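Inspection log for the structure reproduced underneath, given as structure tokens.
Here, each number is a calculation from the coordinates, and none is a lab measurement. No experiment lies behind these values; they were computed from the predicted model shown. In this analysis, Cβ positions are derived from the backbone assuming ideal geometry, glycine residues included, and neighbour counts consider all displayed protein chains.
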There are 2 protein chains.
Amino acid sequence: MSSVKVTIIGAGSVVFSLGLVKDFCLTEGLAGSKVCFMDINEERLDVVYRLGLRYAEDLGANLKFERTLNREESLQDADFVINTATVTHNEYFMKRRRELVAKFGYFYGHSGMPEYHNLQLMLDVARDMERICPDAWVLQAGNPVFDGTTLMGRETYIKACGLCHGHYGYRAIARIIGLDPDRVTWQAPGLNHNIWLTHFYYEGKDAYPLLDEWIANKAEAYWEELAKAGREIPAQMSPSAIHQYKMFGLMPVGDTPRGGGWWYHTDLETRKRWYGGSGGGDTPQGRDLVLKHKEEKYEQMKQAAYDAKVRPIALFGSQKTTEQHIPIIDGLVNDHEGRFQVNVLNNGALAGLPDDVAVEVPAVVNKKGIQPLCVGSLPPKIMLEHIYPDWLEMERTLEALLSGDKSMLLWGILTSHQTRSYDQAVQVLEALLAMEPNEPMAYVEDINKHYKWPKNW
Amino acid sequence: MSSVKVTIIGAGSVVFSLGLVKDFCLTEGLAGSKVCFMDINEERLDVVYRLGLRYAEDLGANLKFERTLNREESLQDADFVINTATVTHNEYFMKRRRELVAKFGYFYGHSGMPEYHNLQLMLDVARDMERICPDAWVLQAGNPVFDGTTLMGRETYIKACGLCHGHYGYRAIARIIGLDPDRVTWQAPGLNHNIWLTHFYYEGKDAYPLLDEWIANKAEAYWEELAKAGREIPAQMSPSAIHQYKMFGLMPVGDTPRGGGWWYHTDLETRKRWYGGSGGGDTPQGRDLVLKHKEEKYEQMKQAAYDAKVRPIALFGSQKTTEQHIPIIDGLVNDHEGRFQVNVLNNGALAGLPDDVAVEVPAVVNKKGIQPLCVGSLPPKIMLEHIYPDWLEMERTLEALLSGDKSMLLWGILTSHQTRSYDQAVQVLEALLAMEPNEPMAYVEDINKHYKWPKNW
């Protein structure tokens, strides 16, 4: 058992910090370790810090907690940095941006504008780490994991691993077709948010025929039943996901069926057709629900942090989450070996992609490090229709970021299938660049300073 | 001087055959050679055969002419095969197809339907050659040159070289900005119909500043003058081409500015804005003019072939064309070395693309063969926004062809920026597959036999 220092950047994140604190408390091998919470929002930082202290009391965990508003300070002596921070994936900002681009004719924010702020932040953090804690791992939790892990891996010497929970979609597939997920052997490599179930065994036998049977005989009834009950269909087993399976030949897993192609997402009616119910989570209404849940969760966290009558254990239980961050740290630090789904630079793990592109693959993690399995290749159709196009989009996003070429932002918007004309693209680009900044934007270079039109424009 | 047998497949082509015959007659090194015309259209075959005989008389050329309706027969003992044949790029078929998809809301045929017939024909010819004349070169003139040259290079052992004339666009650029094209040194590598002016020198000095000056001070006047005169703007120096130069950083050359991005081609008004005049050649009206010119040219060819009072030389002159086919044959056969712009499998000539992708690059041609220059790389922005996307589209077209997977045709249509919904894509696919075949389609496998939905569809 070794004690380490783990820094959580963007610790006020509702999605991640609660679970991270709990997993930390419940991981014996990390007893004596120090958790440093860092956030730019003092109120949220205090909530998570107090919550950590009280949760550790509840669970009898031997941990030290620190908090700071200063990123550089937080990185001092860090062994691991979990970066959950986001500038633009904040629910309020995303809503504001969706509403802005809706005025220009875009449904649900599909403007094609390449990511900038979050990537610049990841790069800034990794560069800080090069100076301050060059031997530490960064576990990247905030999106875009694919672009960001590639970017940090190329531009810095920091050991970077991107993590997501989407791959657990295989469990939903199994459960819904009537199988015990714990008896499933599976593999779903690809790129983050773009992974495909290449192998799916139940008790050692190919389970794809069972899925086919479910689709042929039970899918309609399943969707109807949920509709009658007024419940949403999980995207993982939606008509869209099944259509993608038919179209591309393998089941899309996790966040993958939330994409799949522009034609599933053109407007609310189309979303209802392919995702059932009220159109699923990726609609303005669906996302308002997500925001509401997050607000409720945050209120609970505040209670658990400050209310003398409420204990964290009573609200949030004493079970580990299924998130991978803390078990991976445990594996690396204490040689408690495990199998995880990670995003790391390819280096041959997934055939057909360059070495310096972050792929999502299974890996064995132990004292030696994060060791991806060489999974071979995906079928040509999936490579050509999903993996390579996504790879190119990532490359353009990074090239735009690193060159600061504003015409590449415009080109990104022009590639949105919802863009109808050149002038519309120019207008929405200018509107996006003129948006009132949110608070975290003060911590990265101004987008209008970062991007310039090419000469002769 | 060596005599060879050159077979021209699709010899009834108005675009190519007249020039090929003339160049042949005017190339002394090929005296004594045999030209075998092959076509499935007996009337057109006879026209070009008679025209060849009479042109050779006019020019005093020592050539033998043969003709046949039988492809296998035409390939016997061939040293070179010039494949100008087309199934679907026939003007009448293209017009019929444009009009069909217009009913589904597509402007100027931009349905995204992947190519099949022409590629299957190229493959069939190359496979025949493997059996009948395995040492012959195929010079591929019919489109799609990019996909077809790659396909033949991968799937057969035949030496394949694709040829186009688009690269002469550099001469139009020079001429229009007031430079003597003969004093220009240039390079414009890429993929066929996707080439970019990386180097542009006038009398040894960078001429890009002269282009910039023309754009800043003279372009508007040039366009206005043509408009006043009721003349069309050449696509090479259209507002679209200049915009592409600003957007991507290098001048697009030849057929390249005819593409550039969906937003230049959404409807006739948009075409007028970016290409001036009545919208340029790539509009229904513009293409009708092309068809009319071809019909007039064919009438002239008939006259020159049959009319006792009309000599070919009087109608078509005694100057060599600028087409590269015959000079390349002369270079290979007689070691009359020359520099050409060719399409051949990459093998390292253009950095950043796989070896087995046909690139368009300059090459030295002599007895040793067709030897591409290693041109280095194109700028990242052009690679990411033009070269790689085009490469992927080609790969998908070939994978669809080789796998016979109908869902990949549907996916192709879904990638058209003019497709508005999934149902529209399904409908236009079915309509395209149900089109009344044209005559040449009888010579390749039926598209409805070739493509099948995947299992479980």
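Principal axis extents of the C-alpha atoms in the stretch B:169-219 (largest first, rounded to whole Å): 31, 22, 15. Neighbours of B:Asp180 by Cβ distance under 11 Å: Lys/Arg scored +1, Asp/Glu scored -1, total +1.
Taking a label point 7 Å from the Cα of A:Arg339 along the Cα→Cβ vector, which residues of the stretch A:354-375 have an amide N closer than 15 Å to it? Only A:361-366, A:371-375 fall inside the zone, counting backbone N under 15 Å.
One chain, two ends: B:Lys452 and B:Arg273. Fully extended at 0.36 nm per residue, the span grows by 60.3 nm beyond their Cα-Cα distance.
What would the Debye equation give as log₁₀ I(q)/I(0) for the protein assembly as shown at q = 0.05, 0.07, 0.10 Å⁻¹, counting only Cα atoms as equal point scatterers? Evaluating at q = 0.05, 0.07, 0.10 Å⁻¹ gives log10 I(q)/I(0) of -0.35, -0.66, -1.19. Averaging the Cα positions of each part gives two centres, and for the stretch A:1-37 and the stretch A:368-421 these lie 32 Å apart. With equal scatterers on the alpha carbons only and no solvent term, can you work out the Debye log10 of I(q)/I(0) for the stretch A:1-154 at 0.14 1/Å? Listed by q, the Debye log ratios stand at -0.71. Pairs spanning more than 26 Å between alpha-carbon atoms, out of B:Lys5/B:Lys368; A:Lys246/A:Lys272; B:Lys64/B:Lys302; B:Lys103/B:Lys272; B:Lys34/B:Lys95: B:Lys34/B:Lys95. The order of the peptides A:62-75, A:433-446, A:352-365, A:140-153 by mean Cβ neighbours within 10 Å, most packed first, is A:140-153, A:352-365, A:62-75, A:433-446.
Per residue of peptide A:270-276, the mean number of Cβ atoms on other chains within 10 Å of the residue Cβ is 1. Going by the alpha-carbon gyration tensor, a ≥ b ≥ c the square roots of its eigenvalues, is chain B rounded (a/c under 1.5) or, if a/c is not under 1.5, prolate (a/b greater than b/c) versus oblate? Rounded shape, in that the Cα axes give a/c under 1.5.
Each copy carries a label point for B:Gly404 at 7 Å from Cα toward Cβ; from one copy, the others' points are 5.6 nm away, ordered from shortest.
Report summary: the helix-based calculation at 222 nm, which adds -39500 (n - 2.57) for every DSSP H run with n ≥ 4 and divides by the residues of chain B, gives -13000 deg cm²/dmol. Oblate is the label for the stretch B:251-393, because the ratio a/c of its alpha-carbon gyration tensor axes (a ≥ b ≥ c) is 1.5 or higher and a/b is not greater than b/c.
The local environment of B:Thr156, defined by Cβ-Cβ distances under 9 Å, has a net charge of 0 under the rule Lys, Arg +1 and Asp, Glu -1.
Each of A:Ser416, A:Ser421 has some number of other Cβ atoms within 10 Å of its Cβ, and from fewest to most they run A:Ser421, A:Ser416. Label-point spacing at A:Val426 relative to the other copies reads 3.9 nm, in ascending order, each point sitting 7 Å out from Cα along Cα→Cβ. The DSSP beta bridges internal to the protein assembly as shown are antiparallel in roughly 50% of cases. Relative to the other identical copies, A:Glu337 shows label-point distances of 6.2 nm, where the label point lies 7 Å from Cα along the Cβ direction and values run shortest first.
How would B:Asp212, B:Asp330, A:Asp423 line up from fewest to most surrounding beta-carbon atoms within 10 angstrom? All intermediate terms of the calculation are to be shown ahead of the outcome.
Details: B:Asp212 14, B:Asp330 23, A:Asp423 11.
By the 10 Å Cβ count, ascending: A:Asp423, B:Asp212, B:Asp330.
With a 10 Å Cβ neighbour count serving as the proxy for reagent exposure, in which order, fewest first, do B:Phe24, A:Phe93 appear?
Least crowded to most crowded, the residues run A:Phe93, B:Phe24.
Between B:Val310 and B:Lys368, full extension at 0.36 nm per residue minus the direct alpha carbon distance yields a gain of 16.7 nm.
Inter-chain Cβ neighbour count for A:379-386, averaged per residue, equals 5 (cutoff 10 Å, partner chain atoms only). Separation of the stretch B:258-313 from the stretch A:41-80 is 72 Å, based on Cα centroids. Which net charge results when you count Lys and Arg as +1 and Asp and Glu as -1 among the other residues whose beta-carbon is under 13 Å from that of B:Glu439? The answer is -2.
Annotation: for a label point projected 7 angstrom from Cα along Cα→Cβ of A:Asp288, residues of the stretch A:75-95 with backbone N closer than 20 Å are A:90-95.
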